[in-house]
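Trainee: Here it is: the structure, laid out below.
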């Protein structure tokens, strides 16, 4: 994202923007999460919300 915006540095917003696409196929939900109807996208959103931005 930084490169596309012609920057030579990465911002927390860059990470937040690209993280769902990068992590979606790498995260496997356990049976409990699937039974509760949690999606991978929701899990990633919760994870990103828990990480403070600088």
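Trainee: If one takes the longest principal axis of the Cα atoms in the chain, at what angle in degrees, from 0 to 90 and to the nearest 10, does the Cα axis of helix 40-50 lie?
Mentor: With rounding to tens, the tilt is 60 degrees.
Trainee: Can you give the calculated 222 nm mean residue ellipticity of the chain, where each DSSP H run of n ≥ 4 adds -39,500 (n - 2.57) and the sum is split over every residue, rounded to the nearest 500 deg cm²/dmol?
Mentor: Calculated at 222 nm, the ellipticity per residue is -15000 deg cm²/dmol.
Trainee: Sort 38, 51 so that the residue with the fewest other Cβ atoms within 10 Å of its own Cβ comes first and the one with the most comes last.
Mentor: Ordered by Cβ neighbours within 10 Å, fewest first: 51, 38.
Trainee: Viscosity 1.002 mPa s, temperature 20 °C: Stokes-Einstein D of the chain from its Kirkwood Cα radius, in µm² per second?
Mentor: 171
Trainee: With each label point set 7 Å from Cα along the Cα-Cβ vector, what nm distance links residue 9 and residue 38?
Mentor: Between residue 9 and residue 38, the simple spin-label model gives 3.5 nm.
Trainee: Measure nothing fancy, just the Cα-based angle from helix 12-23's long axis to the longest principal axis of the chain, in degrees from 0 to 90, nearest 10.
Mentor: 40
Values in this text are rule-based calculations from the coordinates and carry no lab data. Computed from a predicted model, the values in this text were never measured in an experiment. Note that each Cβ is placed from the backbone with ideal geometry, even for glycine, and that neighbours are counted across all protein chains shown.
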